[in-house]
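*Asks:* One structure coming up, written as structure tokens, with questions to follow.
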Amino acid sequence: MSSRFVFIALTTVFQTNYFTMKKCLFIALVLLISVGVHAQQATNPTPPVQPVTPQASFSQPSALTVGSKAPDFNGIDYQGKKLSLKALLKKNNTIVLFFYRGQWCPYCNKYIKQIQDNLSRLTGKGAIVIGVTPEAGLAINTTISKTGATFPIISDKGYKIMKAYKVDYVVSADDLALMHKYHIDMDANNGNMDHILPIPATYVINKKEKIIYAHFDVDYRKRANIDDIINLLSFSTGN
């Protein structure tokens, strides 16, 4: 056997092993990347999607505007205390009135916690905070437990306040199915099968029963800025 033939044979074996090894390394690298991606997804799972906006098939709520007269309201808070717009404005310079969906909504809980954390700043400006919700009493207790809220919260049975402030809407069948998927039982939470929720709006009302601040957004993730409200209260003269 000639030396040239041996050289060619060895070279062929080397090249074959080299490309086989290279292919194996490439496959191993792909597998490692795939395992890493799946591990990251397991560590940071995609958060549940919640209904964002009222469906077009239902009537769309519309915001009350700054400068308009605030609708009168009457209600009973979770402690059984009767509250009304006129009575509250006799004792306070302004009312910070906000609407929230329920204890099952993390964005509502976050916002309520923000309000509670800044409550002394708000009351220090002569304001009283009132929360309004379609939740029944037991669910309100859960909201309070989650957020530490100490201000009055009204269970708006019959949706009179929500309707007066034009924030009520009917949840679509698609959104109800999505809520059920994530074990959100709105019927149990609200104590009825009406499937009505509010747009999470916030209004500031002055002594003359005028709206001097309005935040209304059908995207439930967007809430009023507490610092903006406090700054407004600092400069408000009641006009």
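What follows is calculated from the coordinates using simple rules that are stated; it is not laboratory data. Nothing here was measured: the structure is a model prediction, and the numbers come from that model. All Cβ positions, glycine included, derive from the backbone under ideal geometry; neighbour counts span all protein chains shown.
*Asks:* Hey, what does the equivalent ellipsoid look like for region 74-235, semi-axes from the Cα gyration tensor as sqrt of 5 times each eigenvalue, largest first, whole Å?
*Replies:* Square roots of five times the eigenvalues give 26, 16, 15 Å.
*Asks:* Would you mind pulling out the separation of the Cα centroids of region 161-239 and region 87-120, in Å?
*Replies:* Measuring centre to centre over Cα atoms gives 10 Å.
*Asks:* Provide the net charge surrounding Gly67, with neighbours chosen by a C-beta distance below 13 Å and charges set as Lys +1, Arg +1, Asp -1, Glu -1.
*Replies:* +2
*Asks:* Quick one: which of Lys90/Lys110; Lys91/Lys210; Lys113/Lys146 span more than 20 angstrom between C-alpha atoms?
*Replies:* Lys90/Lys110
*Asks:* Same structure again: What are the ³J(HN,Hα) couplings of region 83-91, residue after residue, when phi is run through the Karplus curve with 6.51, -1.76, 1.60 and θ = phi - 60°? Round to Hz, x for glycine and proline.
*Replies:* 10, 8, 4, 5, 5, 5, 6, 6, 9
*Asks:* Let me ask something else about it. From the phi of every residue in region 96-101, what ³J(HN,Hα) in whole Hz does the Karplus formula 6.51 cos²θ - 1.76 cosθ + 1.60 yield, where θ is phi - 60° and glycine or proline is x?
*Replies:* Ordered by residue, 3J(HN,Hα) equals 9, 9, 9, 10, 9, 7 Hz.
*Asks:* Considering only region 74-235, what is the antiparallel percent among its DSSP beta bridges, to the nearest 5?
*Replies:* Roughly 60 percent of the beta bridges in region 74-235 run antiparallel, per DSSP.
*Asks:* Quick one: what are the phi-derived ³J(HN,Hα) couplings along region 177-186, Karplus 6.51/-1.76/1.60 with θ = phi - 60°, whole Hz, x for glycine and proline?
*Replies:* My calculation for region 177-186 gives 5, 5, 5, 4, 4, 9, 6, 9, 9, 5 Hz in order.
*Asks:* Dipole magnitude of region 80-205 about its Cα centre, charges +1 at Lys/Arg Cβ and -1 at Asp/Glu Cβ only, in debye to the nearest 20?
*Replies:* Dipole about the Cα centre, nearest 20: 780 debye.
*Asks:* Further, regarding this structure: Test of understanding: what is the full-extension gain from Asp117 to Ser145, defined as 0.36 nm times their sequence separation minus their Cα-Cα distance?
*Replies:* Stretched out fully, the Asp117 to Ser145 stretch lengthens by 8.6 nm.
*Asks:* To continue, here is another question. Pull up all non-local amide H partners of Tyr169: gap of 5 or more, or a different chain, and H-to-H distance under 5 Å with H placed in the peptide plane.
*Replies:* Here the answer is Leu197, Ile199, since their amide H atoms fall under 5 Å of that of Tyr169.
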